[in-house]
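What follows is one structure encoded as C-alpha cells, with my remarks underneath.
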Amino acid sequence: ISSGTVQSRGQGISIGGQRGTEVNFVMDGMDNNNQSIASQGRQKETVKPSVDAVAEFKVITNGFSAEYGRSSAGIVSLSIKSGTNDLHGTGFYFQRHDELDAKNFFDPPDKDKPPFKRYQYGFAVGGPIKKNKSFLFGDVEWTDIRESATIVSTVPTPAYRNGDFRGLGSTMYDPATWNGQERTPFPNNIIPSSRFDRVTNQMRNWWPDPQTAAVNNNFVFNPPRDQDFSKWDIRFDHTLTDTDNFFLRWSN
C-alpha cells in the first residue's frame, strides 16, 4: 500500500499498484464511492468522517470475499461509532498558525510571511436512549482555513507589453507579410502600436509590473485560499433481540 499523488488523475492510497480511484470504500457496510471524482478533488471516497467518529477500520489488499467485488485494487472499510450504555464524549481543537511556521523558500525576504491559519475543532458524543436497547451517537467537525499560497510566476516586462522585443533572442515576424514561402521580420524586433489588437491593447494594461529585472520568474504573489467547511454524522442503534439489531445513520 502506498499513499500520495502518484496518479496522474487521482490521489489517495494505491493498493496493489492500482490507481487510488480503483479502491472500493465501504462505510458501515454500504457503498461510499463517488464515481465523479473530478467533482471532489480527484478523491473517490464520498463521506470522510471525523477521526473521532470512527469505531474501527480495515484495509483488505487481496483475497477478499465476493461481498465486496467491483474493485481491481483493495477495500477500505470503516464503521462509525455507536452509543453505549454510558455517556461518553470527546472534544478537540487543532491549530496551525503562520507565527509558528518557517518562511517559504520562495517568499521575498523583504516581505512578511503570507497568512496561514488553519483551525479544526469539533466533538463527538454517544450514549443510551434506553439502556441495553436504544443508543444514539453524533459528531461534528468544523474546519476554517485562512491561508495563501506562494506562487512564482512570469509577467511580461514593460518593454514586451509595448511591443519591444529587442534582446529576446528570437525574431518577431510580421504575419501580414507571408507570401506563401516566408515572412518579413518586424524592424528591430519591435511591433508598432498600430498593429496592436484593439482588445489586447486594453488587456495588456491588466498585467502587473515585474518585481525584478529578470525576464522569467519575475513576480511572486500570494493568492488567498480561504475555505470553511463542516461535516457531521448521527447514528441511531436499536437492539431487537440478542441476535438482531438495526441502525440508522445520516452523514453530511
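With the contact rule set at Cα under 8 Å and sequence spacing of 6 or more, what percent relative contact order holds for the chain?
Relative CO of the chain lands at 17 percent.
Using +1 on the beta carbon of Lys and Arg, -1 on that of Asp and Glu, and nothing else charged, what's the dipole of the range 101-252 about the Cα centre, debye to 20?
Here the range 101-252 has a charge dipole of around 160 debye.
Plugging the Kirkwood radius over Cα pairs into Stokes-Einstein for the range 31-146, at a temperature of 4 °C and a viscosity of 1.567 mPa s, what D comes out in µm²/s?
Diffusion coefficient, whole number: 71 µm²/s.
Measure off, as a whole percent, the carbon and sulfur share of the 1.4 Å-probe accessible area of the range 86-161, all protein chains present.
Details: 2740 of 4730 Å².
Exposed carbon and sulfur together represent 58 percent of the surface.
In 10 Å bins starting at zero, report the fraction of Cα pairs in the chain per bin as a rounded %.
Bin by bin from 0 Å, the calculated values are 6, 17, 20, 18, 14, 11, 8, 4, 2, 0.
Reported to two decimal places, what Rg/Rh ratio describes the range 114-175 when computed on Cα atoms with Rh from the Kirkwood expression?
The Rg/Rh ratio comes out at 1.61.
Counting heavy atoms of the protein chains only and a 1.4 Å probe, report the per residue accessible area for the chain as a whole number of Å².
Working: 16430 Å² over 252 residues.
Ligands and nucleic acids excluded, the result is 65 Å² per residue.
Under a point spin-label approximation (7 Å from Cα along Cα-to-Cβ), what is the residue 96-residue 117 distance to one decimal in nm?
1.6 nm
Using a 7 Å offset from the Cα along the Cα-to-Cβ direction at both residue 204 and residue 59, what is the distance between the two label points in nm, to one decimal?
Output for this residue pair reads 5.5 nm.
Could you sort 206-219, 145-158 so that the peptide with the highest average Cβ count within 10 Å comes first and the rest follow in order?
145-158, 206-219
Averaging the inverse of every distinct alpha carbon separation and then flipping it gives the Kirkwood radius. What is it for the range 139-252, in angstrom units?
In the range 139-252 this quantity evaluates to 20.3 Å.
Let me have the 222 nm mean residue ellipticity of the chain computed from DSSP H runs of 4+ only, each contributing -39500 (n - 2.57), with the sum over all residues rounded to the nearest 500.
-1000 deg cm²/dmol, from helical runs alone.
Compute the signed sum of charges (Lys and Arg +1, Asp and Glu -1) over the other residues within less than 13 Å, Cβ to Cβ, of residue 72.
Around residue 72, the charge tally is +2.
The values are calculated or read from the model by the stated rules, or taken from the named source; none is laboratory data. Owing to the predicted nature of the structure, the values given are computational and were not obtained by experimental measurement. Here Cβ is always computed from backbone atoms with ideal geometry, including for glycine, and neighbour counts include all displayed protein chains. Accessible surface is based on the protein model in full, side chains and every heavy atom, while ligands, DNA and RNA are left aside. Shrake-Rupley method; radii C 1.70, N 1.55, O 1.52, S 1.80 Å.
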